[in-house]
Amino acid sequence: MQNETSQVDVTVIGGGLAGMAASIHLADAGLRVLCIEADAVDNDPVGESLDWSAPDLLKALGLPMEHLLEQGAATYKRHVVLKLRDGTEQHYVPGDWLGKPPFNVDLRTLHVDRGQLNQALREIFLSKGIRLLSDRVMHVETAERVVKAVVTAKGERILSPWFLDASGSGASLFPRIFNLPVYEYGPRKVAIWDYFTVPRSIEGTTLHADGAGPPYMEWVWQIPIHPNTVSVGYVSPGEAVKEKRQQGLSVQDIFEAQLKSFPDLQELVQDTAKEPPRTTSFRCRVFARTAGPNWLVAGEAASMVDPMTSNGVTAALRHAAEASRLIIRYRDRTRIPRLPAAMYSQRLLSLARFFNSAIENVLYDWPIRNRIGPFKAGDVYTIPAWSINVVYSRLRPEGFVSTTFFRLLLASLRCSLSVFHWFCSRSQSSRSIATA
Ligand SMILES: Cc1cc2nc3c(=O)[nH]c(=O)nc-3n(C[C@H](O)[C@H](O)[C@H](O)COP(=O)(O)OP(=O)(O)OC[C@H]3O[C@@H](n4cnc5c(N)ncnc54)[C@H](O)[C@@H]3O)c2cc1C
């Protein structure tokens, strides 16, 4: 037996970062929003080291940087440090030019305690009169390319003129229903992470890695979410973890072995009474055509960008802002015209393709990293990636001309890095043939 709900302008599926952010923007514009969230409690949310564009996006939701710092929900992030197993390190700091006109970027961003950030967002969300339905969308009713209704596990049938899919990368509901084209990057990866108390921490994110040598890079993040608490996570191809599990190692054994192999992390492996670490697995990918006549896809449901880029939170908040803007603008027509819908999905697609292919080609894979060394490879990735994100946030491409300009810029950067990757792999293969 189904109950029918129809007094809603927008149905948002998923109450994670993207879903909550979009609901807040839509409610601020006077739309009646119903947000359906399957999990009553936050399950180990990740996304703790933020890109430089994230603070402005959080501010637009009522969470300025100063407030998060005062509440103890965040710490400053001023730079990123790459530390190798041999103890050498390089610091990556955003260029001063970003702090000057016309960009005027605050050269600080944040690390966040995601539990506290989600709680703060949820309080704002609930204060806006948004209806939160604790249920799981099981079925999506469509007619051609239009979404008509969604049906939940508890038998609620929800009809509304607009739908936003923010169901995360595990579900990606609309991309699956509409069988959207997908681009995938790198192998399936596993992240194993935990939290540790430390005497003090730096105002930066540290990435511990092997650097030159291994064919595919594994790494460990160290993120100070509070001055005395660090989040430490190991990211590895799923196959490598599977192999170790088949050898009889537990997840905890695998995690501890990694920490012990880095001089700075060894002392964290002392608390043997600790609960097993948290785990998740993911595959980096992005869907094309993520906007239809009366629906859009936002956040990880649309694109999963690699955690090393620290770009997932920015992407989720940015998609939420851009998708809501389209719904608000065309609310009376009940259809998004084809061009703005195509521009939305093109922006989302080209940014995710750029970040994923750049991080795979330059850092994860061996040719560039081994040819120019891991520290220079870090420069080759961070300089274009950080600049593009900031320029995008300042210029806010929307129409055909600005979106096309950005697409071309991102495509040419992506192609240049692919050519460099090809060149480095060829020259190193011929060198190894010559020395054989
Ligand atoms: C290991 C790891 C580390 C990361 N680190 C960083 C980082 O340091 N910096 C950074 O910027 N980003 C990072 N990210 C990415 C970042 O966490 C995500 O991009 C961001 O949290 C995605 O938010 P979302 O709202 O799109 O998805 P989610 O947070 O996954 O939200 C989706 C919600 O939809 C709900 N849902 C799913 N299916 C249904 C359904 N059928 N019906 C109703 N509800 C449903 C789920 O319960 C969930 O709450 C990391 C990601 C991973 C995997």
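The values are calculated or read from the model by the stated rules, or taken from the named source; none is laboratory data. Every value quoted in this text rests on a predicted model; they were computed, and no experiment measured them. Cβ atoms come from the backbone with ideal geometry, glycine included; neighbour counts cover every protein chain shown. Note: accessible area is taken over every heavy atom of the protein model, side chains too, but ligands, DNA and RNA are not part of it. Shrake-Rupley method; radii C 1.70, N 1.55, O 1.52, S 1.80 Å.
Structure notes:
- Scanning the stretch 133-144 for residues that are open to solvent by 50 Å² or more (accessible area, probe 1.4 Å) and modelled with pLDDT of 95 or more gives Ser134, Arg136, Met138, His139, Thr142.
- Selection from the stretch 179-209 of residues that are among the polar types (S, T, N, Q), open to solvent by 20 Å² or more (accessible area, probe 1.4 Å) and modelled with pLDDT of 95 or more: Asn179
- Filter result for Arg176 (open to solvent by 50 Å² or more (accessible area, probe 1.4 Å), free of Cβ contacts under 8 Å to residues at least 60 places away in the same chain and within 22 Å of the chain's Cα centre (by Cα)): yes
- If you check Leu121, Leu126 for being aliphatic (A, V, I, L, M), closer than 26 Å to Asn43 by Cβ and within 15 Å of the ligand (Cβ to nearest atom), only one passes: Leu121.
- Whichever residue in the stretch 155-165 is open to solvent by less than 10 Å² (accessible area, probe 1.4 Å) and under 21 Å from Glu322 (Cβ atoms) and, among such residues, is farthest from the ligand (Cβ to nearest atom): Trp162
- Any hit, the stretch 231-246, residues being touching a Gly at 6+ places or on another chain (Cβ under 6 Å) and not in a strand (DSSP E or B): no
- Count of the stretch 89-106 residues which are under 27 Å from Trp193 (Cβ atoms) and assigned to a loop (DSSP other than H, G, I, E, B): 2
- Within the stretch 278-323, the set of residues being among the aromatic types (Phe, Trp, Tyr) and either touching a His at 6+ places or on another chain (Cβ under 9 Å) or near the ligand (Cβ under 9 Å from one of its atoms) (or both) comprises just one member, Phe282.
- In the condition set (1) at positive phi; (2) surrounded by fewer than 16 Cβ atoms within 10 Å (Cβ to Cβ), Gly168 is compliant with all but (2).
- Some residue of the stretch 370-392 being surrounded by fewer than 18 Cβ atoms within 10 Å (Cβ to Cβ), farther than 25 Å from Thr109 by Cα and touching a residue at least 60 places away in the same chain (Cβ under 8 Å): yes
- Glu123 vs. criteria open to solvent by 40 Å² or more (accessible area, probe 1.4 Å) and modelled with pLDDT under 95: no
- The strands (runs of 3 or more DSSP E) found wholly in the stretch 1-67 and carrying at least 2 residues that are at pLDDT below 95 and open to solvent by 10 Å² or more (accessible area, probe 1.4 Å) occupy 3-5.
- Val147 vs. criteria at pLDDT 95 or above, hydrophobic (A, V, I, L, M, F, W, C), buried (at least 17 other Cβ atoms within 10 Å of the Cβ) and away from the ligand (no atom under 12 Å from the Cβ): yes
- The residue of the stretch 2-45 that is farthest from the ligand (Cβ to nearest atom), among those that are in contact (Cβ under 8 Å) with a residue 24 or more places away in the chain and at positive phi, is Asp44.
- Test: Ser418 is under 22 Å from Glu218 (Cα atoms) and surrounded by fewer than 18 Cβ atoms within 10 Å (Cβ to Cβ): yes
Table: residues versus (1) without any contact (Cβ under 8 Å) to a residue 24 or more places away in the chain; (2) within 30 Å of Ser350 (Cα to Cα); (3) open to solvent by 60 Å² or more (accessible area, probe 1.4 Å); (4) more than 16 Å from the ligand (Cβ to nearest atom).
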{"residue": "Val230", "(1), (2), (3), (4)": "no, no, no, no"}
{"residue": "Pro237", "(1), (2), (3), (4)": "no, yes, no, no"}
{"residue": "Lys260", "(1), (2), (3), (4)": "yes, no, yes, yes"}
{"residue": "Gln270", "(1), (2), (3), (4)": "yes, no, yes, yes"}
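- When Gln90, Gln116 are screened for being surrounded by 14 or more Cβ atoms within 10 Å (Cβ to Cβ), away from the ligand (no atom under 15 Å from the Cβ) and touching a residue at least 40 places away in the same chain (Cβ under 8 Å), only Gln90 passes.
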